[in-house]
Structure formats: C-alpha cells, structure tokens
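Here's the structure, in structure tokens; my notes come after.
The values are calculated or read from the model by the stated rules, or taken from the named source; none is laboratory data. The structure presented is a predicted model; accordingly, all values stated were derived computationally and were not measured. Neighbour counts run over all protein chains shown; Cβ positions are idealised from the backbone, glycine included.
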Amino acid sequence: MDARSQRFWELHDFAVGHGLEVGPLHRAIVTRDVADVSYVDVTDRDRLVAHYAGDPDVPPDSIPEIDFWLIDESGETRTLVEATKAGAPFDWVMASHVIEHVPDIIGWLGELAEVVVDDGRLVLAVPDRRYEFDVHRPASTVGQMLQAHESGDQRPSVAAVYDHFSSAVRYDPRGVWEGRLPTFEDRIHTPDQARELLARSLGGEYIDSHVWLLTPESFIHHLHELRVGGWSSWIVEKVIPTPTYELEFQAVLRRLPRDAETTGQVDGEILPTYERPIWVTDIGSTSAGEALAQRIEKLEARLESKNDTLRQLRRKVRSQRRKLQRLDGGATPAPAATGLTGLTARARAAVRAFRTGR
C-alpha cells in the first residue's frame, strides 16, 4: 500500500461495514479484496473502457466492474440516490477528487446524506487550489454554493467552465510550494479554446470542469457554515492538511443522525481557527513584505548618499595629507577619523538587520 492510500486507511477503517466509492475509474482507493465496497460511476465498465481507449494514463485493466451507473442503459440520467438504492444504506462513502467537479455541491452532499446510515462517514480527497492547476483562480465562496443549489445546476456553470479553461496553468508542484508561481505564459488553453468550450457548454454539452476551489481552511469554514445554515447534515470530523510538495488534502465528514438538531453546537466538529479569510491574510503578508522592501530601498539609498559624502571627504583628506607632506618634509600623518564612518557602519547594520529579519 502506497503512502497516499495509507493515509486514507489511517483516517478511516474501510474494512468495517458496507461502503460505496464514487468514481473510482482506474484508481480505486478501496478495493474489493480488502473491503465490502460497491462502485458508482457515470456509466458501466465497458463504456468507461471505450471512452478512455488510447489514454495512456488510464489502463483499462485497472478499471473495476461498476455496480451502479448514473446514466442507465436507455441513456437517462439518474440521481445518485436513485442509482444506488439497491445497495443503500452504506456505512461509509469514499470519493477521491470528485467533490470539486460536482455542479451543485450542496445537492451532492444532500444525496450522499440520504444513502448513508446515521453517523456514516464520507471520506474525501480534495485538491488544494493553491498547489495545482487552479492556482490562478480565487477560492470558492458559500454564496456561490448557494447560488448553484438555488439554480439547480446539473452541469458546471458558465462561470465555472470559462474560468476553468481560461485560467488552468501548467505548474511544478515543488516550485509552487517554494513560491515560484506560474505566469500567464503558463496557461494551458488559448483564449480561443476557452471560448470554444464555453460555446459548447452554452449549447447544452456537459463540459467537465473544476467547479469548487478549496483549501483545508476554506473547506472547514464552508462546511461549518453550510451546516449551521441548515443546508447540510455533515460535520468535518478529521482533516489531514496538504502535505508539503503535494497537491491534495484529505478529510472525513460525519453524517449527523436524522433526528438530531443539525444547526446548533455539535461535539466532534472541527471548527475554523483562523481570524480572517486566507486570501486576506495573504494580502496582509504581501503588504507587509512590500513595506519592508520599500524601507530597505530607502535605507540603501541613504547609505549610498553617505558613501558619496564619505568618498568626497576622503579625497579632501588625501589632498590635505599631500600638502602636509610637502610642508614637513615628507612625513605622513596618521589618518583622521571621521564621524561619518560610524554613521555608515550603523546604516549598513540597519540594512542587514532588515534583510535577515533581526
């Protein structure tokens, strides 16, 4: 078992109870040899194999048999509740890199709440927008989630499709972590390609996109706000923050009992701990850094001005020495100390202190 899979098993024991994995494709987190698990996907295995034929990243032999399909044999689309009713209720649900794609996150969480038992778990792997191709896009808001739910979105919205394809960038995970961020030159799609995909979406085609842009902090905040607002029956119970040089975080949600009060204080819920949205914190950090850089620039300018003065004084001192040498027959006087030397030393020390943070 690789390190990533091990983290999931540390979060939840999938060997206990009957579970459902959503959208396993070729990389199921929970396999049938170690757990009682069923799989739900858009369509059956044969159609998935045909759809991904020729894609070197999706080996067909790794795609499992799919138990429940969201699109039935007649081509009709079913809800997750309708598609999985033969296997429900489930003790747990596993979904890796699914939640960011669903058009209506509130509706999706609501459907999952219907198919799990009271106190059932939802285990998630979620991309952290700061460390993958969404890094040029702003974080999602609860208001956007409410809008998608109120609109009954069944496909990624116009905004989601356009923003996804106009802003996705090529990136180096390690470089992003170390502050080497992609530029506009790293955009994956051309403006014409983004507009073409937008037109196809407006024409009714389902264009898969990253709809929700999350971080561990915003995820905790949004799930709490949805619960206390009466829009969700889930609480965040565990979170593994995004490991250094990786691009996803992991979380476990617990479904509150159906007869419980869901909007009040709930034991075991992880609550937001930061004082302001992370993007505001980033702005503050940037402003502080810019102010420090400006102060250093001013100190260096002062230092250069004092050095100019010092050079002029030294030239005068050398000139006076030569005159004294001629007057006393060639003896060389001792160098004269100047108050400017001390001032320059202090200025240099101040610049070093600002640069090193001491």
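A few remarks follow.
- Failed criterion for THR79 (all others in (1) over 27 Å from LEU253 (Cβ atoms); (2) among the polar types (S, T, N, Q); (3) under 30 Å from the mean Cα position of the chain (by Cα) hold): (1)
- Of all residues making up the stretch 1-22, the number that are in a loop (DSSP other than H, G, I, E, B) and either at pLDDT below 95 or within 17 Å of PRO89 (Cβ to Cβ) (or both): 6
- Filtered residues of the stretch 89-119 (kept if without any contact (Cβ under 8 Å) to a residue 40 or more places away in the chain and over 29 Å from the mean Cα position of the chain (by Cα)): PRO89
- Residue list for the stretch 27-47, restricted to those being at pLDDT 95 or above, hydrophobic (A, V, I, L, M, F, W, C) and under 23 Å from GLN154 (Cα atoms): VAL40
- Selected residue (only one of VAL211, VAL239 is among the β-branched types (Val, Ile, Thr) and outside any strand (DSSP E or B)): VAL211
- The one condition in (1) modelled with pLDDT under 95; (2) out of contact with any strand residue (DSSP E or B) (no Cβ under 9 Å at 6 or more places or on another chain) that GLU225 fails to fulfil: (1)
- Screening the stretch 71-113 for residues that are hydrophobic (A, V, I, L, M, F, W, C) and assigned to a loop (DSSP other than H, G, I, E, B) and picking the one that is surrounded by the fewest Cβ atoms within 10 Å (Cβ to Cβ) gives ALA86.
- Taking the stretch 242-257 as the range and being out of contact with any Ser or Thr (no Cβ under 8 Å at 6 or more places or on another chain) and either within 21 Å of VAL117 (Cα to Cα) or in a strand (DSSP E or B) (or both) as the test, the residues that pass are GLN250, ALA251, VAL252, LEU253, ARG254, PRO257.
- The listed residue being part of a loop (DSSP other than H, G, I, E, B), basic (Lys, Arg) and without any contact (Cβ under 8 Å) to a residue 24 or more places away in the chain, out of ARG137, ARG180, ARG155: ARG180
- Top-ranked residue in the stretch 218-236 [being β-branched (Val, Ile, Thr) and outside any helix (DSSP H, G or I); ranked as surrounded by the most Cβ atoms within 10 Å (Cβ to Cβ)]: VAL236
For every residue, the table says whether it meets (1) farther than 24 Å from LEU223 by Cβ; (2) in the same structural domain as ASP163 (by TED's automatic domain parsing); (3) in contact with a Lys or Arg (Cβ under 6 Å, 6 or more places away or on another chain); (4) not hydrophobic (A, V, I, L, M, F, W, C).
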site	(1), (2), (3), (4)
ARG32	yes, yes, no, yes
LEU48	yes, yes, no, no
VAL58	yes, yes, no, no
GLU73	yes, yes, no, yes
LEU80	no, yes, no, no
TRP92	no, yes, yes, no
ILE99	no, yes, no, no
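- Checked against (1) modelled with pLDDT of 95 or more; (2) of a type in the set (D, E, K, R); (3) surrounded by fewer than 19 Cβ atoms within 10 Å (Cβ to Cβ), ARG129 meets all criteria but (3).
- Extreme residue, nearest to ASP91 (Cα to Cα), among residues of the stretch 23-39 that are under 26 Å from the mean Cα position of the chain (by Cα) and surrounded by 17 or more Cβ atoms within 10 Å (Cβ to Cβ): VAL30
- Condition broken by ARG174, with the remaining ones in (1) in a loop (DSSP other than H, G, I, E, B); (2) under 15 Å from the mean Cα position of the chain (by Cα); (3) of a type outside the set (Gly, Ala, Ser); (4) modelled with pLDDT under 95 satisfied: (1)
- Against the conditions (1) at pLDDT 90 or above; (2) over 22 Å from GLU21 (Cβ atoms); (3) touching a helix residue (DSSP H, G or I) at 6+ places or on another chain (Cβ under 6 Å), PHE249 satisfies every one except (2).
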